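Trainee: Can you keep this structure in mind? I'll have questions shortly.
No lab work stands behind these numbers, since they all come straight from the coordinates. Remember, it's a predicted structure, so these values are computed and weren't measured experimentally. With ideal geometry, Cβ positions are generated from the backbone for all residues, glycine too; neighbour counts draw on all protein chains shown.
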Amino acid sequence: MGKTSLVTKDNSKFKINKIYHGDCIKIMSNWPEKNVNLIFADPPYNLSGAKLEWRGNKTGGDWFKMNEDWDQMSEAEYMNFSYKWLEQAKRVLKDNGSIYISCTYHNIGELVINLKKLGFKCLNIITWYKSNSMPNMTKRQFTHACEYVLYFAKGSGWTFNYNKTKQINPEKTKEGAPKQMRDLWVFPLCQGQERIKAHNGRAAHPTQKPEALLERIIIASSKKGNLVLDPFLGSGTTAAVAKRLGRNWVGIEKEKQYVAIARKRLGQLK
Ligand SMILES: C[S@@+](CC[C@H](N)C(=O)[O-])C[C@H]1O[C@@H](n2cnc3c(N)ncnc32)[C@H](O)[C@@H]1O
């Protein structure tokens, strides 16, 4: 799939099938409106805090608390940040486009409030049950094993490939026939061969999403040749799956080292 150009507000070229390095609010605000069919966003969850490590724990190996600079805002800053990127996401989405946002109990409130403020329509709040979730260290609450994926539409006429969702659904009817896909999805956190490693053997990105999650979303809500945007691209999962499934894609990532990982990953895909 070659690079295609559209004209941006400042008349420079906007290329698709490309990774942009920078702040997604700034970059999207310079793009032409209504070009994107589908957005998957995995924004900062705003959960990093004091460094916490538990080396050699018995159940899952070393345990490190998320501790990233891009993931630490005050409540007011996070509310404002969520509004601003969602406002730009809405502007660049086609009128019949849809958006999926992954989140946890940490940030679901801010995201849903701002989606509603901006007039998005809620289609589903999907629960992703992580079958290999981390143990709870504090032992003062239930172990968190779920993330949520907010599925909202900008307007009417959104793409939902109902029959394809039935075909790819691992759950079958009692008779073994294809079954409607529910809003509870079960698969493990990104691990094994799929997990991109840094030179020191640790995960190259702290929150790499499993490709299985993106496959469902892209198959359900886009057609071949459609444009899929990820404004918080990280290690490039959305772009890699979009490319593999014959979609056009565009990604934005603020941190240079993650841009390099994503570019390498995309470059290695045939
Ligand atoms: C939760 S991670 C996304 C991980 C990604 N889904 C993957 O599979 O690798 C969020 C990413 O957004 C980036 N980021 C944070 N703030 C940003 C901003 N304002 N604009 C663009 N990227 C940003 C971070 O550097 C981080 O890589």
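Trainee: Tell me which residues come under 5 Å, amide H to amide H, from W128 once H is placed; ignore anything under 5 positions away on its chain.
Mentor: Residues meeting the criterion, in which the H sits 1.01 Å from N, are E147, Y148, V149, W185.
Trainee: Taking the Cα atoms of the range 137-270, report the difference between the largest and smallest coordinate on each principal axis, in whole Å and largest first.
Mentor: Dimensions of the range 137-270 along the principal axes of its Cα atoms: 49, 46, 30 Å.
Trainee: Let me ask you something else. Counting helices only, and only those DSSP H runs with n ≥ 4, report the 222 nm mean residue ellipticity of the chain as the sum of -39,500 (n - 2.57) divided by its residues, in deg cm²/dmol to the nearest 500.
Mentor: Taking each H run of at least 4 residues, the total per residue is -8000 deg cm²/dmol.
Trainee: Follow-up. Report the GluC sites (Glu not before Pro) located in the range 170-211 that are in a DSSP loop and have at most 13 other Cβ atoms inside 10 Å of their Cβ, or state none.
Mentor: Taking the range 170-211 and a limit of 13 other Cβ atoms within 10 Å, the loop GluC sites (Glu not before Pro) found are E171, E175.
Trainee: Now for a different question. From the phi angles alone, apply the Karplus equation (6.51, -1.76, 1.60; θ = phi - 60°) to the range 101-115 and give each ³J(HN,Hα) in whole Hz, x where the residue is Gly or Pro.
Mentor: 10, 8, 7, 10, 4, 5, 10, 5, x, 4, 5, 5, 4, 6, 4
Trainee: Using the Karplus curve 6.51 cos²θ - 1.76 cosθ + 1.60 with θ = phi - 60°, what ³J(HN,Hα) values do you get for each residue of the range 233-239, in whole Hz, with x for Gly and Pro?
Mentor: Each residue of the range 233-239 in turn: 5, x, 7, x, 4, 4, 5 Hz.
Trainee: Something else now. Taking 25 °C and 0.890 mPa s as the conditions, I'd like the Stokes-Einstein D for the chain in µm²/s, using the Kirkwood hydrodynamic radius from alpha carbon pairs.
Mentor: Estimated via Stokes-Einstein, D reaches 126 µm²/s.
Trainee: Calculate one ³J(HN,Hα) per residue across the range 240-249 by plugging θ = phi - 60° into the Karplus curve 6.51 cos²θ - 1.76 cosθ + 1.60, and present them in order as whole Hz with x for glycine and proline.
Mentor: Once θ is set to phi - 60°, the couplings for the range 240-249 become 5, 6, 4, 4, 4, 8, x, 9, 6, 8 Hz.
Trainee: Using per-residue counts of other Cβ atoms within 10 Å, averaged over each peptide, order 21-30, 237-246, 99-108 from highest down.
Mentor: Result, highest mean Cβ count within 10 Å first: 237-246, 99-108, 21-30.
Trainee: Using unit Cβ charges (K, R positive; D, E negative) and no other charged atoms, how large, in debye to the nearest 20, is the dipole of the chain about its Cα centre?
Mentor: Roughly 880 debye for the chain.
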